[in-house]
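> There's a structure below that I have some questions on.
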Number of protein chains: 2
Amino acid sequence: MTIDAFVFDAYGTLYDVQSVSQITKEEFPEHGDLITQVWRLKQLEYTWLRSLMSRYRSFWEITEESLIYTLDAVGVESTKAVRDRIMDKYLHLNPYHDSISALDALAGVPRAILSNGNQEILDALVRNTGLEGKLESVISIDKGGVFKPHGDAYALVEKTLDVKPQNTVFVSSNAFDACAAKNYGFQVAWIERVTREALATEIAAADTVGPSTMFKLLRMQMENFGMEPDHRLKSLDDLASLGRARDHERSPNGNAPVA
Amino acid sequence: MTIDAFVFDAYGTLYDVQSVSQITKEEFPEHGDLITQVWRLKQLEYTWLRSLMSRYRSFWEITEESLIYTLDAVGVESTKAVRDRIMDKYLHLNPYHDSISALDALAGVPRAILSNGNQEILDALVRNTGLEGKLESVISIDKGGVFKPHGDAYALVEKTLDVKPQNTVFVSSNAFDACAAKNYGFQVAWIERVTREALATEIAAADTVGPSTMFKLLRMQMENFGMEPDHRLKSLDDLASLGRARDHERSPNGNAPVA
C-alpha cells in the first residue's frame, strides 16, 4: 500500500479549539471554561442536526448560532462586539505543539486539510497561523453542502486531490471523524490526545466531574462503532514513521531505507 | 386548523430517561449520575452519527453500544449481567408524573408515539408501564431505517395514521426534536421541563457545574435553529387546553364551548 496523500482534520487535530478559552475566560471570568466546552459540543451537534434536517448553513454561521445558544443557556449577557471578539479566535486558533513539525516532516507527499470549516475561514486560519506553505490543499466540506461524518464530505478528497481513499492517510483527533473516515475507506490515524488512563485519573481526582472533563469523556475517547482506525498515535509527529514504514513495504528487496 | 392527532416523543417526553439512575447508582454508587448523563448524551449522538454514516442499527443495539462506551470511558469494570440489568430499565422507564393524566385528558383524539426506539422495546415499555390502552398507535422510526431528526422519521406519522402534518400536534421535550418537527411541518408543542431561570439558579449555586447540570445545558434548553415550536408548555397537562382552543376556533359562532 502506498501513501499518496496525508489529509488532516483541522479543528481539534491541527488546531486546538480549546484555545478559544483564552478569550472566553477574559470576557466571562466566572464561566469561561463552561462556555468553551458547551459551545464546542453544541457546534458539532448543530453540524450533525442541520445535516440530518437538510438545513445546511456554513460552519461560520453554525459557530455563531451555537455561541449564542451557549451564552443564553449559561445565562450571561453579551453584546455583538463581545461575540465578535470570541468568534474571531476561530480565525486565529493555536496550532497544536506538534502540528508544524509534523507537517514539515511529511513534505514531499501531498498534505491537505479536509474540514467542516467553510473555505473563507479555513483559508484565513491557515494564513494567520503560518501553515500556508505547509499544505498543498485546503478542502472545505462547504462544496458538498453536508458536514462530516456524511460520506459526501469525505468524497471531496478523491474529487479534489485525485487520490484513492485506500492510498490516503486521513488524520483526526476527533474519534467520530476517525471512525467515519475508516468506514468510508481511508487509511486512518487517530491522534489520541487524552489516554483512557489519564482520563480515569482525572475523574478519580475530581469531587465533581466538571465541564472540561465532561468534554474529554464525550469527545476525546475512541467511539464504540466497531470501526477501528488503523493507527492510534500519541502525537502528529508519529505520522512520519508511518510514511517510512510504507516506504519499507514498497522497497523491492524488503530493506528499510536509511532514515 | 383542526387537530386530528397528538403524537408524542417517548424518551424524555412521556418517559423519564433519568430514571435509569435508580439502577446505575445501585451498580456504581460513585459514578451513577455521571454514567447516566454520558450514556444518554452518547446514545443520542450515536443515533445521529450512524444516520449520517448510513450505518443504521436498532435503538436497542445503540443503547448497548453507548452504554459500553460510557462504562469504558468512565473507567469502571462491568459484567454482561450488570449491563443487562441497566439496559432492562429501558423496558421499565418511569412515566413522567403528567404523562398518564395528559393522555387521559386527550382521549377522543387519536394519540400516538413516534420514537427512535425499535418496535419491540417500545411495545414492551408501553405494556410494562400501563400506557397500552391510552395510545391508539406506537410508531417506531425503525420502519424508515433513519433516526430523528431526519425527515423520513417524521414522515412515518402521515403514512401510519393518515393525518396531515399541519393537522397533527407533535409533542416533545427534546428541543432538537421539537425544532425538527416544526421544520417538517407539524404543529409543535415543546414541553419545557427545565426553565432558563431554574438552570441559571442551578449554575450560580454550583462550585463546579456537574454532569446533571451539563445535561440540562446541552439537552433541555430551546435550540437556536430559527425553528420555533408553536407552543411552549410547562406540563403535558397543558395540552388539553390546546385541544379546547382549537375547538373554539372551529366553533362557527366563535363561542368557546363550555369547559
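> Restricting to the stretch A:1-24, give me the number of residues that are surrounded by fewer than 18 Cβ atoms within 10 Å (Cβ to Cβ) and in contact with a His (Cβ under 9 Å, 6 or more places away or on another chain).
Final tally of qualifying residues: 1.
> Are there any pairs with C-beta distances below 7 angstrom linking a residue in the stretch A:217-234 that is in contact (Cβ under 8 Å) with a residue 12 or more places away in the chain to a residue that is assigned to a loop (DSSP other than H, G, I, E, B) and among the basic types (Lys, Arg), with the two at least 6 apart or on different chains, and if so which?
A:Met220/A:Arg193
> If you don't mind, another one. So, restricting to helices (runs of 4 or more DSSP H) that lie completely within the stretch A:22-126, which ones have at least 3 residues that are facing chain B (nearest Cβ under 9 Å)?
A:32-52, A:59-74
> Within the bounds of the stretch B:97-117, is there any residue that is more than 24 Å from B:Asp238 (Cα to Cα), under 17 Å from the mean Cα position of the chain (by Cα) and at pLDDT 95 or above?
yes
> Let me ask another. Does B:Lys134 satisfy the criteria of being modelled with pLDDT of 95 or more, touching a strand residue (DSSP E or B) at 6+ places or on another chain (Cβ under 8 Å) and of a type in the set (Lys, Arg)?
yes
> Within the stretch A:1-21, can you find the residues that are part of a helix (DSSP H, G or I) and within 23 Å of A:His150 (Cβ to Cβ)?
Within the stretch A:1-21, just A:Val17 meets the criteria.
> For the stretch A:106-154, enumerate the residues that are among the charged types (D, E, K, R) and more than 18 Å from A:Ala5 (Cα to Cα).
Residues satisfying the conditions are A:Glu120, A:Asp123, A:Arg127, A:Asp142, A:Lys143, A:Lys148, A:Asp152.
> Check every one of the strands (runs of 3 or more DSSP E) wholly within the stretch A:140-242 and list those with 3 or more residues that are surrounded by fewer than 16 Cβ atoms within 10 Å (Cβ to Cβ), within 14 Å of chain B (Cβ to nearest Cβ) and within 17 Å of the chain's Cα centre (by Cα).
In the stretch A:140-242, no matching strands (runs of 3 or more DSSP E) lie anywhere.
> Within the stretch B:1-33, track down each residue that is more than 13 Å from the chain's Cα centre (by Cα) and small (Gly, Ala, Ser).
B:Ala5, B:Ser19, B:Ser21, B:Gly32
The values are calculated or read from the model by the stated rules, or taken from the named source; none is laboratory data. Source: prediction; values computed, not measured. Don't worry about glycine lacking a Cβ; one is built from the backbone with ideal geometry, like all the others, and counts go over all protein chains shown.
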